[in-house]
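Novice: Quick one: the structure is below, questions incoming.
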Ligand code: NAP
Ligand code: GLV
């Protein structure tokens, strides 16, 4: 029998499943965790919880951290690995939902859906106008650039194929194996930025991707281009993005993630040419249930003496 701390509100079925297996489960949301960790063997945590050395110090019995998310940039993997603590995540089950959200942002920004919805509610429907002040840009048949061509990036590109788009991607490595399925061309980041009408960011946050998109990269983009970030906020230099959106360096943006969540800079909130969502990429009922299932699977595997399926490889030491 183990002691499990779930550091976020959770589906009752998931809690009951762990309890039925004979484990003690505490669900605690929004409190400082360090006081409650001493007796904990397994932690199921939201990706908004920083799991750093200080927290791990307070949890001497901890055997696994099951992150509710695929991105694990909130976790000090090196320290966890040095202490023999396993880390698992929730890949695959959220891929399609996150790609859908990326497309929701792309379409909303291109066709000014949120802006015009707000104006209609505030001022009423002014009547059909041939040349309205809110002309958008075409999506069908334009060029889509995907930065980070893994599970989510490829799902974003597959949707682009349905929109008759020319597809570009950049990643750490070329993906020769997708050639038969996706007609996407591997290019450098600079070329992708120069050629794409829509740029969707789908990388993890790592030291290499921090501020991957800054003032220089935004200047490389087309003036009519739209940037969508469904990766992590710090992949974009937010201050540079606010300037680029203000001065028309690019046309617009759709952002699900922010540099210093949950803070959203007032500079962004004040702009009409950006669509903002509060990190809801995977937030559908069915997807969140599958994520909870995966986290529980991982914890139960550890308590059963098995190796969890979705272990995150610790970074090379040094
Ligand atoms: P994945 O399958 O591992 O794909 C990540 C891709 O990024 C890989 O293709 C990788 O290249 C590429 N990459 C890594 N470093 C790069 C760099 N420096 N430059 C260019 N490309 C780079 O992961 P995934 O499941 O698609 O998830 C990707 C990320 O999306 C997560 O880590 C998370 O941060 C974010 N996410 C956000 C939400 C949300 O709610 N907004 C939801 C889910 C995930 P290689 O293939 O060459 O290694
Ligand atoms: C969400 O942001 C995730 O990484 O799963």
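Novice: Looking only at the range 90-111, count every residue that is in contact with a helix residue (DSSP H, G or I) (Cβ under 9 Å, 6 or more places away or on another chain), surrounded by fewer than 24 Cβ atoms within 10 Å (Cβ to Cβ) and not in a helix (DSSP H, G or I) and tell me the total.
Specialist: The qualifying residues number 3.
Condition check ((1) free of Cβ contacts under 8 Å to residues at least 24 places away in the same chain; (2) surrounded by fewer than 21 Cβ atoms within 10 Å (Cβ to Cβ)) across all residues:
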site	(1), (2)
30	yes, yes
36	no, yes
43	no, no
48	no, yes
61	no, yes
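Novice: Then there's this: Run residue 281 past the list (1) assigned to a loop (DSSP other than H, G, I, E, B); (2) more than 16 Å from the chain's Cα centre (by Cα); (3) within 30 Å of residue 63 (Cβ to Cβ) and report the number of the one that doesn't hold.
Specialist: (2)
Novice: Sticking with this one: What residue, among those in the range 181-232 that are within 18 Å of residue 273 (Cα to Cα) and assigned to a helix (DSSP H, G or I), is nearest to ligand 1 (Cβ to nearest atom)?
Specialist: So the residue we want is 218.
Novice: Taking the range 233-275 on its own, how many of its residues are in a helix (DSSP H, G or I) and within 13 Å of ligand 1 (Cβ to nearest atom)?
Specialist: The first filter runs over the range 233-275 and keeps only residues in a helix (DSSP H, G or I), leaving 233-235, 238-246, 266-269.
When the remaining residues are screened for being within 13 Å of ligand 1 (Cβ to nearest atom), the result is 233-235.
Adding up the residues that qualify gives 3.
Novice: For the range 208-232: of the residues being buried (at least 21 other Cβ atoms within 10 Å of the Cβ) and out of contact with any helix residue (DSSP H, G or I) (no Cβ under 6 Å at 6 or more places or on another chain), which is farthest from residue 149 (Cα to Cα)? Before you say what the answer is, go through the steps one by one.
Specialist: Quick first cut of the range 208-232, residues buried (at least 21 other Cβ atoms within 10 Å of the Cβ) only: 213, 217-218, 221, 225-232.
Checking which are out of contact with any helix residue (DSSP H, G or I) (no Cβ under 6 Å at 6 or more places or on another chain) leaves us with 213, 225, 227, 229, 231-232.
Values: 213: 16, 225: 20, 227: 16, 229: 14, 231: 12, 232: 15 Å.
So the residue we want is 225.
Every read-out reported here was derived from the displayed coordinates using simple, explicitly stated rules and does not represent laboratory data. Here the structure is a predicted model, which is why all the values come from computation and not from measurement. Glycine also receives a Cβ, built like all others from the backbone with ideal geometry; neighbour counts cover every protein chain displayed.
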